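The values are calculated or read from the model by the stated rules, or taken from the named source; none is laboratory data. None of these values were measured; they are calculated from a predicted model. Positions of Cβ are generated from backbone atoms using ideal geometry, with glycine treated the same way; all protein chains shown enter the neighbour counts. Ligands, DNA and RNA are stripped out before the accessible areas are found, and what is left, the full protein with its side chains, is counted by its heavy atoms. Shrake-Rupley method; radii C 1.70, N 1.55, O 1.52, S 1.80 Å.
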Amino acid sequence: MARISKENYYLDIAEIVLERATCLRRVYGAIIVKNDEIIATGYNGAPRGRANCVDMGYCSREALRVPRGERYELCRSVHAEANAIISASRRDMAGGTLYLVGRDAQTGELLGDATSCSMCRRLVINAGLERVVIRRTRTDFDVIPVSDWIAEDDVTVSGPSQENAHA
């Protein structure tokens, strides 16, 4: 019997975690690992004590026809990465790896385009995580150095041009 890679071992665990997710659109599971020890897990769902979309029977963002990737403040859920990060101390996860798996909530298909939103990327950066491993297929995955997310600033604000800077 062939032994699976360590990355796929942890991705399999993150995939089990997503089975607790309560989103009606996309379900995600995340785990944080450091020194081959699972530090925390997280899945996407409403904050504690609030109704989950699966319990309400509808998605607020779908009801408002919000396109994918936009207006996350209208979503009831706390994202999987955020839930994992708030369940761990920074000193325990700094230098660690976050493993992320997503599935379509309706079809159950793996999300080959899964990634962290810009807010979760900021949380990952501030948590001190070193890498993010995202499942693409049953056995394929991407390894993203968090330093890449730091280097590619996702929000660029243009200030006044140099010639008008002192006007």
Every pair of residues 6+ apart whose Cβ atoms lie under 7 Å, when the first sits in the stretch 55-72 and is within 18 Å of residue 44 (Cα to Cα) while the second is open to solvent by 90 Å² or more (accessible area, probe 1.4 Å) and part of a loop (DSSP other than H, G, I, E, B): 61/71
Meets criteria (open to solvent by 80 Å² or more (accessible area, probe 1.4 Å) and on the phi > 0 side of the Ramachandran plot) for residue 71: yes
Residue check, residue 95 in contact (Cβ under 8 Å) with a residue 60 or more places away in the chain, open to solvent by 20 Å² or more (accessible area, probe 1.4 Å) and under 23 Å from residue 153 (Cα atoms): yes
Unmet requirement for residue 48, which otherwise passes all of (1) among the basic types (Lys, Arg); (2) more than 28 Å from residue 153 (Cα to Cα); (3) in a strand (DSSP E or B): (3)
Residues that are more than 23 Å from residue 70 (Cβ to Cβ) and in a loop (DSSP other than H, G, I, E, B), drawn from the stretch 1-45: 1, 2, 3, 4, 5, 35, 36
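So that you can scan it fast, the table gives a plain yes or no per residue for (1) within 12 Å of the chain's Cα centre (by Cα); (2) at pLDDT below 90; (3) under 15 Å from residue 132 (Cα atoms):
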site	(1), (2), (3)
57	no, no, no
67	no, yes, no
71	no, yes, no
74	no, yes, no
78	yes, no, no
84	yes, no, yes
94	no, no, yes
101	yes, no, yes
108	no, no, no
Residue in the stretch 20-39 that is modelled with pLDDT of 90 or more, in contact with a Phe, Trp or Tyr (Cβ under 6 Å, 6 or more places away or on another chain) and among the basic types (Lys, Arg) present: yes
When residues of the stretch 1-50 are limited to those that are of a type in the set (Phe, Trp, Tyr) and under 12 Å from the mean Cα position of the chain (by Cα), the one surrounded by the most Cβ atoms within 10 Å (Cβ to Cβ): 28
Selected residue (criterion: least open to solvent (accessible area, probe 1.4 Å)) from residues of the stretch 107-130 that are without any contact (Cβ under 8 Å) to a residue 12 or more places away in the chain and either among the aromatic types (Phe, Trp, Tyr) or part of a loop (DSSP other than H, G, I, E, B) (or both): 108
Cβ pairs under 9 Å, 6+ apart, first in the stretch 145-162 and open to solvent by less than 100 Å² (accessible area, probe 1.4 Å), second modelled with pLDDT of 60 or more and among the hydroxyl-bearing types (Ser, Thr, Tyr): 149/116; 154/118; 155/118
